[in-house]
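Below is one structure, written out as structure tokens, with a few remarks after it.
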Amino acid sequence: MAASLITGVILGLSAGFSPGPLLTFVISQTLRHGIREGVKAALSPLITDLPIILMTAYVLTRLTNSRSVLGLISLVGGSFVVYLAYESFRTNRLDLNIQNAAPQSLSRGAVVNALNPHPYLFWSSVGAPTMIKAWATSPFVAVAFLVGFYVCLVGSKISVVMLVGKSRQLFLGKTYGYVMRVLGVLLFTFALLLFRDGLELIGLVH
């Protein structure tokens, strides 16, 4: 059980701190709306990953044309990330009056994660096989893997939120506009990578 827990911890930390659309969105929401909304965005994998785990398990056992499905998901995800990049580019100042805002960080974070092919790729290539192997030993071993993974996945993103949130006052004025444009560039770069991955998975480019 200890080995399975350690495996989950290592994979969770790696996934949590890895640059990607969700982490960038978490940082963006923290800067734009505060720590509370950043934490909500960080919690979004807890909503989306159960269907992803079930879907990838189905893909592994039943679906033969999984690369095309992942490719389509990647293209849709790239389109949504382009929209997020556009929002970052057009944001010029930090709105501190968040009481009347409707950031929808949890739901939008869930959309970002659900339309990102990387969780599907992770669970189909690493996560699901590891969990199935652990389950063959004992259901408790599989639970230990999942607990270690998600505590570290979500916890690492929340630690980023806290760090960014405590430095939020540094991002007022022009500095904030520059930061949001950098985030916009990162999001747009991720979108291009998602488009590339999607086209490669479908087989349109090599």
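The values are calculated or read from the model by the stated rules, or taken from the named source; none is laboratory data. Every value quoted in this text rests on a predicted model; they were computed, and no experiment measured them. Quick reminder, even Gly has a Cβ in these numbers, built from the backbone with ideal geometry, and neighbours come from all protein chains shown.
Any idea which of 12, 16 is under 11 Å from the mean Cα position of the chain (by Cα) and under 19 Å from residue 145 (Cα atoms)?
16
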Task: Subset of the stretch 19-68 that is outside any helix (DSSP H, G or I) and at pLDDT 80 or above - its residue that is nearest to residue 114 (Cα to Cα) - done: 44
Open item on the list: It is to be established whether one or more residues within the stretch 99-108 are at pLDDT 80 or above, surrounded by fewer than 22 Cβ atoms within 10 Å (Cβ to Cβ) and among the basic types (Lys, Arg).
Closed with: yes
Task: Restricting the stretch 121-141 to residues that are among the aromatic types (Phe, Trp, Tyr) and surrounded by 13 or more Cβ atoms within 10 Å (Cβ to Cβ), the residue that is nearest to residue 5 (Cα to Cα) - done: 135
Open item on the list: Tell me yes or no: at least one residue of the stretch 91-98 is outside any helix (DSSP H, G or I), at pLDDT below 80, surrounded by 14 or more Cβ atoms within 10 Å (Cβ to Cβ) and of a type in the set (A, V, I, L, M, F, W, C).
Closed with: yes
Open item on the list: Being at pLDDT 85 or above, in contact with a helix residue (DSSP H, G or I) (Cβ under 8 Å, 6 or more places away or on another chain) and surrounded by 20 or more Cβ atoms within 10 Å (Cβ to Cβ): is that true of residue 155 here?
Closed with: no
Task: Where a residue in the stretch 105-117 is within 20 Å of residue 199 (Cβ to Cβ) and its partner, wherever it lies, is at pLDDT below 85 and among the polar types (S, T, N, Q), with Cβ under 6 Å and at least six apart - done: 117/74
Task: So residue 124, is it under 18 Å from residue 25 (Cα atoms) and of a type in the set (Ser, Thr, Tyr) - done: no
TODO: Please work out which residue is nearest to residue 177 (Cα to Cα), limiting yourself to the stretch 1-18 and to residues that are at pLDDT 80 or above and either touching a Pro at 6+ places or on another chain (Cβ under 7 Å) or of a type outside the set (Gly, Ala, Ser) (or both).
DONE: 13
- [ ] Test residue 119 against the criterion of being modelled with pLDDT under 85 and either touching a Gly at 6+ places or on another chain (Cβ under 9 Å) or β-branched (Val, Ile, Thr) (or both), and give yes or no.
- [x] yes
Open item on the list: Can you report the number of residues in the stretch 1-42 which are touching a residue at least 60 places away in the same chain (Cβ under 8 Å), under 26 Å from residue 184 (Cβ atoms) and hydroxyl-bearing (Ser, Thr, Tyr)?
Closed with: 3
